[in-house]
Amino acid sequence: MKFKQQEEETPKNNPFLGSIGDLIQLCIEFEYAIKSQMDFMKEKCEVLSYYNILNNGMQSLVKLFISLNPEHKRPTLSPELTPVDSAKDLMKFEEKYYNMLKAIGDNAMKTNNIEVVSYLSPIIKDFNHYFCTLDEDNDSGETSS
């Protein structure tokens with residue numbers, strides 16, 4: 001049985017490379033936003049657990065980026081690291097991160113890109129909508145400057 005040789009990958013024939021890079025950048029910004037508010041949060045253990053899951057997901061995204069990159073190098077990024085003022089800002093990060101993650105996963109499934117699907121599936125499965133589920137009337141988990 002002959003195996004088809006893999007075509008040389010270029011960013012043009014691998015549309016996921018740029019999207020994964022953008023997602024990693026957003027994840028770095030999200031992690032920084034969480035760190036900037038960690039001292040003001042009431043439920044630090046839950047937030048730390050959330051942060052660790054997010055960080056593990058980011059490490060998988062970096063591995064995926066390296067495997068998709070024809071040069072097999074880490075992404076060169078310049079994220080905007082700005083602290084946030086409230087849990088509402090963290091909710092926006094969380095929604096944006098999850099939506100990007102899900103959209104890339106959906107596109108990977110539609111194009112049968114098994115490598116991208118296999119990396120993203122566990123990240124999506126382990127994702128917890130922590131900040132989006134905070135009760136705004138109850139100050140639990142709310143942050144302040």
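Rundown of residues vs (1) more than 13 Å from the chain's Cα centre (by Cα); (2) over 19 Å from ILE104 (Cβ atoms); (3) surrounded by 14 or more Cβ atoms within 10 Å (Cβ to Cβ); (4) modelled with pLDDT under 95, yes/no style:
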{"position": "GLU9", "(1), (2), (3), (4)": "yes, no, yes, yes"}
{"position": "ILE24", "(1), (2), (3), (4)": "no, no, yes, no"}
{"position": "MET38", "(1), (2), (3), (4)": "yes, yes, no, yes"}
{"position": "LYS42", "(1), (2), (3), (4)": "yes, yes, no, yes"}
{"position": "TYR51", "(1), (2), (3), (4)": "no, yes, yes, yes"}
{"position": "LEU61", "(1), (2), (3), (4)": "no, no, yes, no"}
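Exactly one of (1) part of a helix (DSSP H, G or I); (2) polar (S, T, N, Q); (3) modelled with pLDDT under 95 is unmet by ASN128. Its number?
With (1) part of a helix (DSSP H, G or I); (2) polar (S, T, N, Q); (3) modelled with pLDDT under 95 applied to ASN128, the lone miss is (1).
When you scan region 103-115, do you find a residue that is in contact (Cβ under 8 Å) with a residue 24 or more places away in the chain, of a type in the set (D, E, K, R) and in a helix (DSSP H, G or I), even just one?
Yes, there is a match, as at least one residue in region 103-115 is in contact (Cβ under 8 Å) with a residue 24 or more places away in the chain, of a type in the set (D, E, K, R) and in a helix (DSSP H, G or I).
Is it true that GLU46 is among the acidic types (Asp, Glu), over 17 Å from LEU17 (Cβ atoms), surrounded by 13 or more Cβ atoms within 10 Å (Cβ to Cβ) and touching a residue at least 40 places away in the same chain (Cβ under 8 Å)?
On the way: among the acidic types (Asp, Glu): yes; over 17 Å from LEU17 (Cβ atoms): yes; surrounded by 13 or more Cβ atoms within 10 Å (Cβ to Cβ): yes; touching a residue at least 40 places away in the same chain (Cβ under 8 Å): yes.
Considered against the rule, which asks whether it is among the acidic types (Asp, Glu), over 17 Å from LEU17 (Cβ atoms), surrounded by 13 or more Cβ atoms within 10 Å (Cβ to Cβ) and touching a residue at least 40 places away in the same chain (Cβ under 8 Å), GLU46 comes out as yes.
For every residue, the table says whether it meets (1) under 14 Å from ASP22 (Cα atoms); (2) within 16 Å of the chain's Cα centre (by Cα); (3) in contact (Cβ under 8 Å) with a residue 12 or more places away in the chain.
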site	(1), (2), (3)
ASN55	no, yes, yes
GLU71	no, no, no
THR82	no, no, yes
ALA87	no, no, yes
LYS96	yes, yes, yes
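The values are calculated or read from the model by the stated rules, or taken from the named source; none is laboratory data. This structure is a prediction, so every number in the text was calculated from the model and none was measured. Reconstructed Cβ throughout: ideal geometry from the backbone, glycine too, with neighbour counts over all protein chains shown.
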